[in-house]
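What follows is calculated from the coordinates using simple rules that are stated; it is not laboratory data. Note that the coordinates shown come from a computational prediction; the quantities given were computed from them, not determined experimentally. When we count neighbours, we look across all protein chains shown, and the Cβ atoms used for this are built from the backbone with ideal geometry, even at glycine.
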């Protein structure tokens, strides 16, 4: 049969983000495919070498757009490790709050986003409407809806505003009440089940071969491979939460996991608000001008659990006022590039967008 | 301090000619190896439980005239991370691929080749351009590449009648 | 048929066309608003659809060869011709010619014109979309025709206006909805397939094949395509109203039935995802066809519903 | 008499243009192309809180169908090539809205080797929306500006592109080297 070249993206309604999948198609079956990244390549790693440590805080959230806060967390964490800064207790808890809210926003977006490729736009609209509530909370806490620049070296930029706890609790109560609606709309929907059940598999061997992390890894291996559990950062060892696991990873399982994790996030947020101690929120990293702050020599890697998996920075300092080298590990790099090349072929073109979505691929963090 | 950290570094030390070890933080250690030992060490560590290559990256030490390859390994069961580092000659950056040990390294090697010019023998895909298109200069992440100069040369900048950058200073 | 009849018939047909355009376009706008509310939004103004169509007609169009341009004309002409034959309330443009099979065949002309034009644009996605649309047509036509044939057999006539008139004899009790409930369910599922509503939206599928046949259309041609879309919705929904809901005698009755069917179809569509094309065919050839055959057997052998 | 006809013709044409502008202003179809990070606020502008569809705006699947090209944020060199393709595919009249500071002067990427600094060198921009990233209010405000611009004839980027095509093409080639896309797929 004749092979036809097809593009999925960069301009394509099924493509979330600016990336392109090149497919050689026979009939409806994809025979060969590549991801063409780089449409969002900004040279971030180079740009960061030309900014001071403190200036960098302002630009790094832009590396991953749907969930920018892990960027701030890993960067701050790296600098603190190198410069030996002890973060105040309250700041740890506020960081957890911010990270969990960001994860909730990203999960809502991804969960509703699965409505795009499957045609269930209502889920997308509902989830985006709920995500808007989180953005409003962020605006009140940090002053910005998307890019917060809130987690800074030595703690967080400023304390939580008064009365925000109640607003957050109101929001999560409201969301929790409506989570069953989402289950009915998406997870129990016969058409979605027909599209996703037993399709787009991710076996455990593939997970280890590619280095997939996050929901993909947990849904395939059956173990709680979550960095929050395996190597806790902030104060995740002091809160109780479950990590959903399974040994059979089809598209439906991975969508369901997002829904299950939303429950756990709400649980963590409640505990954080309850257990949060008082005190100061930022340790002064230096005396004098922040622009001349020098960080001691060293090489360190920090990873956090973003909504899509292990998200980390490798930071090298040569003792100067600017980072000598920062390398970004995007959580979806392995499945986005090698995964598309090796494991997308064999699927139908109908499933390509859904494959891309349920694997949790985010193109800006691949491209940097 | 994670108890596994020391046992792992000790095991590597016992088996290979380690130039330097460093405990970065309680769950992370760094090992400096000779380039020749990297493959054997990676295979050894993979058998020890470091089943995931989190990232392969490169650092350009311009003054030492060396490239430093960094393999970041993670053991998901013990929660231990290991940086494995090896230095290459900067003028002749050639290395062998590790895709036979960690298949996931394929695109990281391609990335390093594109941005630093390190060649990985045995990984034919790594010679193709990935992120950049029609690139016409030295690999951009090298320290002697001046990003600002390239940008000014290639892309016209907007000219403002008033210089806002200086107006703020000293007033 | 003398000249006079032809003239009045054509005039009636044109009036039906204008009515169809104004009515269906307004209703599409209203439905967009209702769907907007369903999705927790405010929705556009009810006349938004008019603005879209007229805007497209004022834009410049790019042509991809004469097959492409001619195909659009042919499709629009075919569909408009079909719409003229549709009995609306008591008005029929060409009495005696409104046989069910007229719609099936004339409708195919429009669809073929569109297929020709879309493939003529040369985009592989359009080709895939057309292939899917025709495959899907094979899927829903069979159960639909089985039900319609059973109805024709039962009532002894194939004229749509007469089928509607038969059902008006004894109020709601004589509607085919009551007489042939299984057939009506099959008819509604097939209507979803005809309208391209989810879960049978496979041939448009923006996220998979970037709106399929329409992928290369822009400007005037897209405007004509939207016109065509409105007319074909009008034909399909009116046909359903005439066949299963007893047609309509008054304007109010027609509007209520029509709105009910179309809004229900749109809302059902919003709560469902989209099937893959093989699932569509498998679906149609499992339940609807079995139910349609069951209905036909009931009509033919038990004589119920006649 | 001849002049009278020409006069009448002109009036008719103007009237037709006015009607066209009315429809165009009230039915803007955007191209769903997330070129950069500012696209993340578009879903918010589209959904319940701001609901763009009230203004008659909606997303469209392909460049041919769309009226408005949104350049949402920075443009890498690689994207610019594809944006030019998309823009030239759209049928006239077409409009281009640029989001954020990056298409104006490079924004935080002023020294990045992969990001262009000024979009108006390569494509005509009708409306700029400020903010990094622009809030949905700003986005809606920008679209309102575009609607006003269409109504009072100031949004004429497509005419400028047509008239100064040589100049735009020269700039494009100077920065991009070659306009043709060359990647693994086009070998």
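Averaging 1/r across all pairs of distinct Cα atoms in segment C:139-288 and inverting the result yields a Kirkwood radius of 16.5 Å. Per residue of D:170-181, other chain Cβ atoms within 10 Å of the residue Cβ number 2 on average. Just so you know, the Cα atoms of chain D work out to an Rg and Dmax of 18.0, 64 Å. Shape annotation for segment C:220-306: C-alpha extents along the principal axes are 52, 41, 25 Å, from largest to smallest. Remark on segment C:3-302: hydrodynamic radius 19.7 angstrom, per the Kirkwood mean of 1/r across alpha carbon pairs. Our note on the geometry: Cα centres of segment A:135-161 and segment A:248-291, 13 Å apart.
Placing one equal scatterer on every Cα of segment D:82-164 and applying the Debye formula, the log10 ratio I(q)/I(0) at q = 0.11, 0.16, 0.25 Å⁻¹ is -0.31, -0.66, -1.27. Extending 7 Å from the Cα toward the beta-carbon at both residue D:166 and residue B:145 defines two label points whose distance is 3.6 nm. When you count the other C-beta atoms within 10 angstrom of each residue and take the mean per peptide, C:192-200, A:189-197 line up highest first as C:192-200, A:189-197. Is the shape of segment A:248-368 best called rounded, prolate or oblate, per the rule: a/c under 1.5 gives rounded, else a/b larger than b/c gives prolate, else oblate, with a ≥ b ≥ c the square roots of the Cα gyration tensor eigenvalues? Oblate, since a/c reaches 1.5 and b/c is not below a/b. The distance separating the Cα centre of segment B:108-161 from that of segment C:168-245 comes to 53 Å.
The mean number of Cβ atoms from other chains found within 10 Å of a Cβ in peptide D:64-70 is 5, as a whole number. In terms of packing, defined here as the mean over residues of other Cβ atoms within 10 angstrom, the peptides A:226-234, A:155-163 line up highest first as A:226-234, A:155-163. Seen against the Cα atoms of chain D and their longest principal axis, helix D:165-176 is set at about 10 degrees.
Working from the Cα coordinates of segment C:86-177, the gyration tensor eigenvalues give, after taking √(5λ), semi-axes of 33, 15, 10 Å in decreasing order. Across segment A:14-127, counting alpha-carbon atoms alone, Rg and Dmax equal 19.0, 60 Å. By the gyration tensor of its Cα atoms, with a ≥ b ≥ c the square roots of the eigenvalues, what is the shape of segment C:161-238: rounded for a/c under 1.5, prolate for a/b over b/c, or oblate? The shape class here is oblate. Ordering D:38-46, D:153-161 by mean Cβ neighbour count within 10 Å, with the highest value first, yields D:38-46, D:153-161.
Rg and Dmax of segment A:292-332, based on Cα coordinates, read 12.0, 35 Å.
Radius of gyration over Kirkwood radius for the protein assembly as shown, both on Cα atoms: the Rg/Rh ratio is 1.01. Relative to the longest principal axis of the Cα atoms of chain A, the long axis of helix A:121-142 makes an angle of roughly 10 degrees. Among beta bridges identified by DSSP and lying wholly in chain B, the antiparallel ones come to about 75 percent. The shape of segment D:1-48 can be summarised by an equivalent ellipsoid whose semi-axes, obtained from the alpha carbon gyration tensor, come to 42, 11, 6 Å from longest to shortest. Extension gain, residue B:62 to residue B:3: 0.36 nm times the residue separation minus the Cα-Cα distance gives 17.6 nm. Mean partner shielding of peptide A:58-71, defined as the number of other chain Cβ atoms within 10 Å of each residue Cβ, is 2. Angle between the Cα long axis of helix A:69-83 and the longest principal axis of chain A, 0 to 90 degrees, nearest 10? Between the helix axis and the principal axis of chain A, the angle is about 40 degrees.
Can you pull the percent of Cα pairs in segment D:1-103 with separation above 16 Å? Percent of Cα pairs beyond 16 Å in segment D:1-103: 64. With only the Cα atoms considered, chain B has a convex hull volume of 175 Å³ per residue.
Taking max minus min of the alpha-carbon positions on each principal axis, segment A:240-304 gives extents of 54, 32, 17 Å, largest first. A compact globular protein would have a Cα radius of gyration near 2.2 N^0.38 Å; the ratio found for segment A:52-359 is 1.01. Projected over all directions and averaged, the alpha-carbon convex hull of segment A:127-220 occupies 9.2 nm².
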